[in-house]
Every structure is written in C-alpha cells, then in structure tokens.
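The structure under discussion is supplied below as structure tokens; questions concerning it will follow.
Where a number appears in this text, it was derived from the coordinates with a stated rule and is not lab data. Because the structure is predicted, anything quoted here is derived from the model rather than measured. Positions of Cβ are backbone-derived with ideal geometry, glycine not excepted, and every protein chain shown enters the neighbour counts.
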Amino acid sequence: MHIRVLDVKKWAGREERQNFFEEWPAAVQERTEYPLQGLAELDVSVRNTGGALIVEISGTAHVLAVCSRCLEPFDLTVPFTTVEEFREEPGPSDPDQDYYRFQGDKIVLDDIVADAFGVSVPYAPYCQPDCKGLCPMCGTNLNRETCDCQEPHDSPWSLLGQLKFPDDPSSSHH
Ligand SMILES: [Zn+2]
Ligand SMILES: [Zn+2]
C-alpha cells in the first residue's frame, strides 16, 4: 500500500488526494487478534510544505470482534486517522526523530496505517452499548433470553453489618 509522490514533491504548496479500496497490508492484521473483514477503505492526502510532505490518512476497518460482555462475535467498525511527516532523506527512518524518511517517487503507508489502526481498536469492545452480557450464575446470554437465577441474597453491604470490630481503643479506661 503506497502513495505516489513524484509530482507533489516537486512543488511547495501542492496537495494531492487519493482514495484507496484494496487489500489490507499484512502489517495491519498483525495489530489485532480479530480477523479483518473486507477491504481497506482509506482517504489519503499528501501536502508539500516546502521542507516536508505531510501525509494525512483517514480510514475505516471492519473486524470480526468478540464482545467482551456476552462473548458473541460481531462486526466491529474501527475508524482511524493519522497525520505523519515525511522527508526525502537517505537511510531508514530514525525512531528518535519525529518524521519518517522516504526516497524516490512513492511513500509506503503500511506501517503508519498499521500503527493508526492498532491504537484505535478498542481493548474490550461491546457488541452494543447496552449489552446485557452473560448471567454470572448460568451463563445465559441476557440479550436473547432471561433466566431464573436470583440475585444473590447477601449483598456485600449486608455482610458489612455482620462484621465485628474490636473495641475502640480511645474509649478504654485506665
Ligand atoms: Zn455483547
Ligand atoms: Zn442465570
């Protein structure tokens, strides 16, 4: 996955846009345990500021996620965006610098797309905002059916009332 910059890198102030609808690079799938569904949808713009090229990406991914409450698989949409600076310099990008290096007429987008996607995948996704989850007693999926399990009779608060505290030392007599 790359964007051609042969023209845009020639003139400061020039900007180009490109829409991508293609296979995901392998680096993106490596950022999540959830299988990617469908193709990559990306809107990429590259702007020449004089000294550098600014690449702006806005994308959407669909993954087959597992709900962290009810454990059902569901189609999760993951929008992501990123803005990165590229400079035409020899050698590999230096992680200590706040820009990436490129050479020639194209910029490979795999790694910055993978990074932007990776930080946007929720750690504990829900199939719906009000997912009721599983009954902790019998495991029934409470989104689909109800069960006969009762709320536990003893709440933590009623147990507090049964605790015995030692006598308050300030009230003891000498
Ligand atoms: Zn759920
Ligand atoms: Zn139950």
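Go ahead and estimate [θ] at 222 nm for the chain from helices alone: -39,500 (n - 2.57) per DSSP H run with n ≥ 4, summed, over the residue count, rounded to 500. Can you show the working numbers first?
Working: 3 runs with 20 residues, N = 174.
Helices in the chain give a 222 nm mean residue ellipticity of -3000 deg cm²/dmol.
Using a simple spin-label model with points 7 Å from Cα along the Cα→Cβ vector, what separation in nm is obtained for Ser120 and Lys132?
Modelled inter-label distance: 3.3 nm.
From the P(r) of region 2-118, can you give the percent of Cα pairs sitting at distances over 16 Å? Present the calculation step by step, with values, prior to reporting the outcome.
Numbers: 4223 of 6786 pairs.
The answer is 62 percent, as a whole percent.
Can I ask one more? Take the Cα of Asp110, step 7 Å along the line toward its Cβ, and report every residue of region 23-54 whose backbone nitrogen sits under 12 Å from that point.
The answer is 24-30, whose backbone nitrogens lie closer than 12 Å to the label point.
Under the √(5λ) rule applied to the eigenvalues of the Cα gyration tensor, what semi-axes describe the equivalent ellipsoid of region 84-138? Give them in Å, descending. Write out the running numbers ahead of the final one.
Details: eigenvalues 365, 23, 13 Å².
In descending order the semi-axes read 43, 11, 8 Å.
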